[in-house]
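Q: To start, I am sharing the structure in question, which I have written as structure tokens.
The values are calculated or read from the model by the stated rules, or taken from the named source; none is laboratory data. For clarity, every value in this text was computed on a predicted model and none was experimentally measured. Positions of Cβ are generated from backbone atoms using ideal geometry, with glycine treated the same way; all protein chains shown enter the neighbour counts.
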Amino acid sequence: MAAVLACGPDAVLSHRSAAALWEIRPMTRGPIDVTLPSRSRSSVLIRRHLATLPADEITVELGIPVTTVPRTVFDLAATGPPEQVESALRQSEYLRLHDRLSLHDLLERYPGRRGARAIRTALARRSERPGRTRSPLEERFLPFLDGHRLPRPQLNAWIQLPEGMVQVDCLWPETMNVVELDGWEGHGTRAAFDGDRSRDRALRVAGYDVTRITWSQLDDEPSVLAKDLRSLLSRPSSNPRNHT
């Protein structure tokens, strides 16, 4: 709020700072992003963006003037990597942050704007496979699959087991393959370690092939990892089951 007020009455929170306010991207260090209609020099604390925003691209959240969620995602597409754009889009849908002016409307309004292609790609990928990414490792995994021309999974999908519903990071239902992405922040305790192994065992009993992938494997042996995944995903399932 202080950054917006410092820039004048027509300023609004935008870009990465707006995404953090909407909780579709994590808060990052650095200057606060603010968009305003008059040219102004950025500072160490405030990054100023020049744009005259229509009224339907602006709203108020927690008392702070801010770009709407679709406009925020659109701005991210012009300044951030594609995987972050897709992650923000999936997170906004998970949080049900809808607006009367959709991303499709913004694409029609600004067809040649920087980032439009990234938005179209993110929308198409969301339609192909539902779900949201929940960690940086999951965001990193999707471009890895694309780069090696491997099929995308359903993200953070639920599977019905006799013991109850379990959620997995990545699911290819056609071949009943599950990949769990092991970042230390989510699996670095003894309880988490034991719980992961118990769940893996239950999934295997139900007919699912479970593979665990770590940061170091993705960084140090991407070609070997891609070859192994291609082999696993090419095997037809011999035990099809219903899942959600």
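Q: Return the residues of the range 1-32 that are closer than 23 Å to residue 52 by Cβ, of a type outside the set (Asp, Glu) and in a loop (DSSP other than H, G, I, E, B); say none if nothing qualifies.
A: If the condition is that a residue be closer than 23 Å to residue 52 by Cβ, of a type outside the set (Asp, Glu) and in a loop (DSSP other than H, G, I, E, B), then 1, 7, 8, 9, 11, 14, 31 are the ones that fit.
Q: In the set 71, 96, which member is modelled with pLDDT under 85 and within 18 Å of the chain's Cα centre (by Cα)?
A: After applying the criteria, what remains is 96.
Q: If you scan the range 74-93, which residues turn out to be part of a loop (DSSP other than H, G, I, E, B) and under 12 Å from the mean Cα position of the chain (by Cα)?
A: 81, the sole residue that qualifies.
Q: Just to check your reading of the model, which residue among 201, 149, 212, 132 is of a type outside the set (Ser, Thr, Tyr), assigned to a loop (DSSP other than H, G, I, E, B) and modelled with pLDDT of 85 or more?
A: Answer to the check: 149.
Results for (1) in contact (Cβ under 8 Å) with a residue 12 or more places away in the chain; (2) of a type in the set (Gly, Ala, Ser), shown as yes or no for each residue.
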site	(1), (2)
23	yes, no
33	yes, no
57	yes, no
72	yes, no
75	yes, no
79	yes, no
96	no, no
108	no, no
116	yes, yes
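Q: Please go through the range 148-179 and give me each residue that is over 17 Å from residue 227 (Cα atoms), in contact with a strand residue (DSSP E or B) (Cβ under 9 Å, 6 or more places away or on another chain) and of a type outside the set (A, V, I, L, M, F, W, C), ordered by number.
A: 154, 156, 160, 167, 169, 173
Q: Scanning for something crowded, with 22+ Cβ neighbours inside 10 Å, acidic (Asp, Glu) and either outside the structural domain of residue 110 (by TED's automatic domain parsing) or modelled with pLDDT of 90 or more (or both), does the range 48-57 turn up at least one residue?
A: yes
Q: Sticking with this one: Which pairs turn up if I take residues in the range 142-168 that are closer than 14 Å to residue 200 by Cα and look for partners that are surrounded by 13 or more Cβ atoms within 10 Å (Cβ to Cβ) and among the polar types (S, T, N, Q) with beta carbon separation below 9 Å, at least 6 apart in sequence or on another chain?
A: Sorted first by the residue in the range 142-168, then by its partner, the pairs are 166/160; 167/156; 168/154; 168/156.
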